[in-house]
Amino acid sequence: MPHIISASSSGEIAFLDARNPGQPIRRVEAHKGHLTALSVHRHLPVMATGSSKQLIRVFNMSGDLLSVVRYHNSFLGQRIGPVSALHFHPYKPLLAAGATDSIVSIYAGETHRS
């Protein structure tokens with residue numbers, strides 16, 4: 001089924017059928033407001049959302065939460081600022097996140113080999 005994924009700054013993600021875009025298939029509250037970025041992986045069934053509240057969430061295509069990246073302080077300094085951009089590598093499970101503090105971070109998904 002062809003999907004359209006739409007996000008709003010209020011924090012909601014809507015999954016739509018391209019044949020009937022006026023009626024969402026499902027809705028997910030990704031953030032409680034302040035959603036600032038959305039990226040969908042081209043080949044893997046994952047998407048990521050970013051927030052001005054220094055938070056990244058990764059979901060599967062059913063809307064289930066898989067992972068969270070949060071702000072935290074340590075002796076090495078800030079790890080994530082207010083997220084302004086997200087982009088997945090086209091083939092690998094890598095996510096680039098740009099923040100309003102001019103820092104770009106790369107996050108790697110887990111890969112399992114037998």
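Taking amide H as placed 1.01 Å from N in the peptide plane, the amide H of GLN54 sits under 5 Å from that of VAL83, each at least 5 places away or on another chain. Between the amide H of SER67 and those of VAL58, distances stay under 5 Å, these residues lying 5 or more places away or on another chain, with hydrogens modeled in the peptide plane.
Could you list log10 I(q)/I(0) for the chain at q = 0.17, 0.24 Å⁻¹, which the Debye formula gives when each Cα is one point scatterer? So the normalised log intensities are -0.82, -1.39. Sorted on the mean count of surrounding Cβ atoms within 10 Å across their residues, most packed first, peptides 42-55, 92-105, 17-30 read 42-55, 92-105, 17-30. Sum up the charges of everything whose Cβ sits under 11 Å from the Cβ of VAL28, counting Lys and Arg as +1 and Asp and Glu as -1, but leave VAL28 out. Overall, the nearby charge balance is 0.
Just so you know, all these numbers are worked out from the coordinates, no wet-lab data involved. Keep in mind it's a predicted model, so treat the numbers as computed, not measured. Please note: Cβ atoms are built from the backbone with ideal geometry, for glycine as well, and neighbour counts cover all protein chains shown.
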